[in-house]
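Have a look at the structure below, then the notes.
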Amino acid sequence: MKKIFTMIGAGVLLHTTVFAQQPERCGMKAWHDKMIAQDPSWAEKFQAQKEALQADAESYLLYKAQAGTERTTVTSAIPVIFHIIVDSAQFNNLGGTSGIIKRCDSQIAVLNRDFNKQNSDSSLIPASWKSLYGNSGISFGLARKDPSGNCSPGYEIRIIAGSTLTDAGYDVINETTPKEKLASTGLASWDHTKYFNVWCINFTGAAASLLGITVPPAGGPSSQHGVCILYNSLGKTTSGAGSFPSPYNKGRTLTHEVGHFFEIWHPWGDDGGRCPTWSSTASGCSSGTGSDDGISDTPPESDAVYGSPTYTISGGTIHDCCEFHGTTETQPIGVACLSYMDYTDDGAMHMFTTLQAAAMASKVLVSGGESYSLTQNPSLLVPCTTTGVEPSVTELKSSLSVYPNPTTGEINISVNSQEEILDNIVVVNLVGQQVALVQGQNKDYYSIDLSGLSKGIYFVKCNFASGSVTRKILLQ
Ligand SMILES: [Zn+2]
């Protein structure tokens with residue numbers, strides 16, 4: 001993959017970005033390469049998985065056509081937990097807890113639109129691509145219960161010292177257990193069979209140009225399964241505190257990475273600028289035979305497309321050096337640079353193709369599929385109070401997030417409220433005795449050290465104008 005601008009054909013408009021160099025859209029190729037370096041047999045596994053995609057997609061489309069008569073399946077939205085690991089400056093840059101809530105809400109909305117053919121910018125899809133505008137039928141919601149059964153806002157926040165994760169993204173690729181996925185230094189995975197785990201972190205060091213990286217369920221330790229994205233690319237933002245400058249501010253970093261989690265690939269096949277089945281001598285192509293994404297409705301493509309291409313070809317997108325195989329035109333409607341799986345700007349990607357969408361659905365919506373279990377937990381999506389009943393007015397106005405839970409000592413308390421905290425935030429034991437407190441100062445974030453207390457169950461209580469909110473925690 002390239003870290004420099006790539007000019008492909010005519011009409012490519014490049015936007016100014018905040019990055020000193022063009023960011024890597026994602027680190028999937030780096031992850032694949034690392035897996036193969038650790039165990040060469042992964043090369044065959046990845047190839048076999050890619051080659052099976054077409055059949056997976058076609059089988060799903062057939063299954064879908066027959067579902068009403070021959071096969072049925074019941075699925076629900078996938079519970080998403082956002083693990084946000086930032087330093088205090090980044091936390092403030094996101095707009096604090098209230099800003100993070102908006103980003104999480106908007107990110108879920110973006111995912112649901114993009115995966116269900118409901119994105120408003122589909123109006124920009126050229127006419128010749130409209131028939132390929134795919135609908136995966138996969139939907140998402142905030143996880144409203146944590147693995148212990150406690151209420152959850154769908155996110156948890158860990159404020160770290162700025163120097164703790166200096167090579168964060170690099171660790172995702174190179175370490176068996178990345179620091180940001182450990183409870184002791186970051187935030188650990190929630191049950192990967194029930195929750196979709198998204199870590200929002202700052203990529204620095206060797207990975208400073210990354211926007212996202214995915215560990216799909218097919219490989220790597222299960223504690224890593226999920227997506228890491230650059231914290232500031234979370235959600236759709238336009239202006240105000242924490243807004244992420246164009247062109248990566250429409251929430252599509254996660255759309256792209258979720259595509260990888262459901263096992264679809266970059267349209268150009270990550271082959272170093274080659275054409276899929278032949279060696280092209282056309283300008284712009286690397287010599288040698290390359291590969292593709294295993295999907296037949298994404299035309300042959302040599303390499304990633306960056307920026308915001310102007311679709312100057314009537315009814316199509318743009319062409320590249322794989323346009324002709326001999327005298328055969330392989331890109332009659334251009335390349336799939338408008339797919340969420342290319343590297344174009346957030347505002348220049350508008351669709352999954354029919355087969356990309358069907359390939360993902362085959363993994364998610366069909367019993368036995370790799371990620372099917374994620375769709376079988378509707379109770380995790382239901383907003384709750386600490387007693388598990390319907391949300392009260394108090395709960396809707398104010399909430400607390402306490403983490404990590406269980407804890408071995410220090411707990412972080414994130415406050416989501418438009419109201420004042422009336423007095424202290426207190427910690428009480430099972431018989432109601434106060435064992436710790438922190439003075440309420442109407443901040444979004446507090447920290448209490450409980451390491452001197454006996455192990456067991458405690459409750460964190462906070463009084464707001466509309467009532468009190470309590471969270472149960474386990475000290476281990
Ligand atoms: Zn990617």
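The values are calculated or read from the model by the stated rules, or taken from the named source; none is laboratory data. All of these numbers come straight from a predicted model, not from anything done at the bench. Glycine also receives a Cβ, built like all others from the backbone with ideal geometry; neighbour counts cover every protein chain displayed. The accessibility values were calculated without ligands, DNA or RNA, using every heavy atom of the protein model including side chains. Shrake-Rupley method; radii C 1.70, N 1.55, O 1.52, S 1.80 Å.
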Sole residue being modelled with pLDDT of 75 or more, open to solvent by 30 Å² or more (accessible area, probe 1.4 Å), hydrophobic (A, V, I, L, M, F, W, C) and more than 16 Å from the chain's Cα centre (by Cα), chosen from Ala206, Ala183, Ala241: Ala183
Test Gly95 against the stated conditions and say whether it is surrounded by 19 or more Cβ atoms within 10 Å (Cβ to Cβ) and not basic (Lys, Arg). no
Residues in segment 262-277 that are in contact with a strand residue (DSSP E or B) (Cβ under 9 Å, 6 or more places away or on another chain), open to solvent by 20 Å² or more (accessible area, probe 1.4 Å) and at pLDDT 95 or above: how many? 1
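With respect to Cys322, is the statement that it is crowded, with 24+ Cβ neighbours inside 10 Å and in a loop (DSSP other than H, G, I, E, B) true?
yes
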Say we look at segment 446-471 and pick out the residues that are open to solvent by 60 Å² or more (accessible area, probe 1.4 Å) and more than 24 Å from Ser88 (Cβ to Cβ); which of these is modelled with the lowest pLDDT? Ala465
Looking at Thr214, is it polar (S, T, N, Q), buried (at least 23 other Cβ atoms within 10 Å of the Cβ), within 13 Å of the ligand (Cβ to nearest atom) and more than 30 Å from Gly149 (Cβ to Cβ)? no
Read through the list (1) among the hydroxyl-bearing types (Ser, Thr, Tyr); (2) assigned to a helix (DSSP H, G or I); (3) open to solvent by 10 Å² or more (accessible area, probe 1.4 Å), then give the number of the only condition that Thr75 fails. (2)
Which residue, of Ser302, Ser286, Ser371, is of a type in the set (Ser, Thr, Tyr) and open to solvent by 10 Å² or more (accessible area, probe 1.4 Å)? Ser286
